[in-house]
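The values are calculated or read from the model by the stated rules, or taken from the named source; none is laboratory data. Quick caveat: nothing in here was measured; it's all calculated off a predicted structure. Ideal geometry is used to build each Cβ from the backbone, glycine not excepted, and the neighbour counts take in all protein chains shown.
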Amino acid sequence: MNARPPKAPPVPPHPGLEVHEDSIAWTGRFTLQKVRFSHERFDGTRSPELTWELWRRGQAVVVLPYDPWTDRLALIEQFRLPALAAGMTPVVLECAAGLLEPGEEPLPAAERELREETGLIPDRMEKIGRFMLMQGGCDENVHMWCGRVRLDASPEGHFGLLAEGEDIRLRVMSAEEGFALVDNNSMENATGALALLWLRHHRERLRREWA
């Protein structure tokens with residue numbers, strides 16, 4: 001394969017890194033890159049040549065909608081084939097999330113994904129952080145936010161883009177119910193758990209500042 005997909009550029013240079021091959025092994029829903037390389041070890045010696053498959057997903061966004069007036073939050077549920085393959089429940093409870101479009105900035109992407117997957121429009125957004133999800137094999141990194149919304153007039157419902165085959169169910173619950181999901185290991189999604197733990201830590205401040 002000669003042409004490189006936009007989300008699979010060559011691995012950038014780095015001190016101590018020697019790249020011997022950087023090619024595209026597969027292009028489908030996502031791109032798989034084959035990289036042969038060696039690098040300088042912590043003791044100054046060279047590593048053996050390594051061959052890694054690099055799954056290119058790029059940047060993503062995650063949003064936890066929170067209503068400080070009613071102390072409620074919103075999560076979504078949808079069918080996830082990888083969860084089924086991992087032997088877990090395939091209907092996954094998670095935060096609204098999605099990948100950035102080419103040239104899209106993270107914050108507008110986060111607001112877009114929240115609107116498409118929940119119908120909610122935040123009037124304030126606070127950055128939770130930026131995190132790698134699978135640094136052992138995938139370049140995906142997520143920008144995470146907590147968004148202020150009003151949930152008192154937002155009933156649970158079904159959302160998602162039909163053109164992308166999405167079938168998303170909105171779940172609204174109290175903050176305490178959300179925190180209990182983490183405590184009893186019912187929140188098996190890493191970004192969802194991280195967002196809920198962040199909210200637990202910042203909840204009282206947000207209620208003072210946002211309400």
Exercise. Which condition number in (1) surrounded by 16 or more Cβ atoms within 10 Å (Cβ to Cβ); (2) farther than 18 Å from GLN59 by Cα is the one that ASP167 fails?
Worked result: (1)
Problem set entry | Enumeration of residues in segment 145-184 that are at pLDDT below 95 and closer than 21 Å to LEU133 by Cβ | GLU164, GLU166, ILE168
For this session: Those residues that are part of a strand (DSSP E or B) and either of a type in the set (A, V, I, L, M) or surrounded by 18 or more Cβ atoms within 10 Å (Cβ to Cβ) (or both), I need them from segment 152-164; list them, please.
Result: PHE159
For this session: Mind checking which strands (runs of 3 or more DSSP E) fall wholly inside segment 38-100 and carry at least 1 residues that are in contact with a helix residue (DSSP H, G or I) (Cβ under 7 Å, 6 or more places away or on another chain)?
Result: 59-67, 72-79, 91-94, 96-99
Exercise. Within the group GLU111, GLU101, GLU117, which residue is modelled with pLDDT of 95 or more and of a type in the set (D, E, K, R)?
Worked result: GLU111
Problem set entry | Selection from segment 122-151 of residues that are surrounded by 13 or more Cβ atoms within 10 Å (Cβ to Cβ) and hydrophobic (A, V, I, L, M, F, W, C) | MET125, ILE128, PHE131, LEU133, CYS138, VAL142, MET144, TRP145, CYS146, VAL149, LEU151
Seminar exercise, completed: Filtering segment 105-141 down to residues that are touching a Pro at 6+ places or on another chain (Cβ under 7 Å) and either aliphatic (A, V, I, L, M) or in a helix (DSSP H, G or I) (or both) yields GLU111, LEU114, THR118, LEU120
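Being surrounded by 15 or more Cβ atoms within 10 Å (Cβ to Cβ), assigned by TED's automatic domain parsing to the domain that holds GLY147 and either over 30 Å from LEU194 (Cβ atoms) or in contact (Cβ under 8 Å) with a residue 40 or more places away in the chain (or both) is the requirement here; does ARG80 meet it?
Working: surrounded by 15 or more Cβ atoms within 10 Å (Cβ to Cβ): yes; assigned by TED's automatic domain parsing to the domain that holds GLY147: yes; either over 30 Å from LEU194 (Cβ atoms) or in contact (Cβ under 8 Å) with a residue 40 or more places away in the chain (or both): no.
No; evaluated as a whole, the condition is false for this residue.
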Problem set entry | Condition broken by ALA8, with the remaining ones in (1) part of a strand (DSSP E or B); (2) free of Cβ contacts under 8 Å to residues at least 60 places away in the same chain; (3) crowded, with 16+ Cβ neighbours inside 10 Å satisfied | (1)
Problem set entry | Flag for ALA195 being exposed (fewer than 13 other Cβ atoms within 10 Å of the Cβ) and touching a residue at least 12 places away in the same chain (Cβ under 8 Å) | no
For this session: Note down all Cβ pairs under 6 Å where the first residue falls in segment 118-134 and is closer than 23 Å to ILE168 by Cα, the second is outside any loop (DSSP other than H, G, I, E, B) and of a type in the set (A, V, I, L, M, F, W, C), and they're at least six residues apart or on different chains.
Result: THR118/ALA74; THR118/ALA96; THR118/PHE159; THR118/LEU170; GLY119/PHE159; LEU120/LEU114; MET125/TRP145
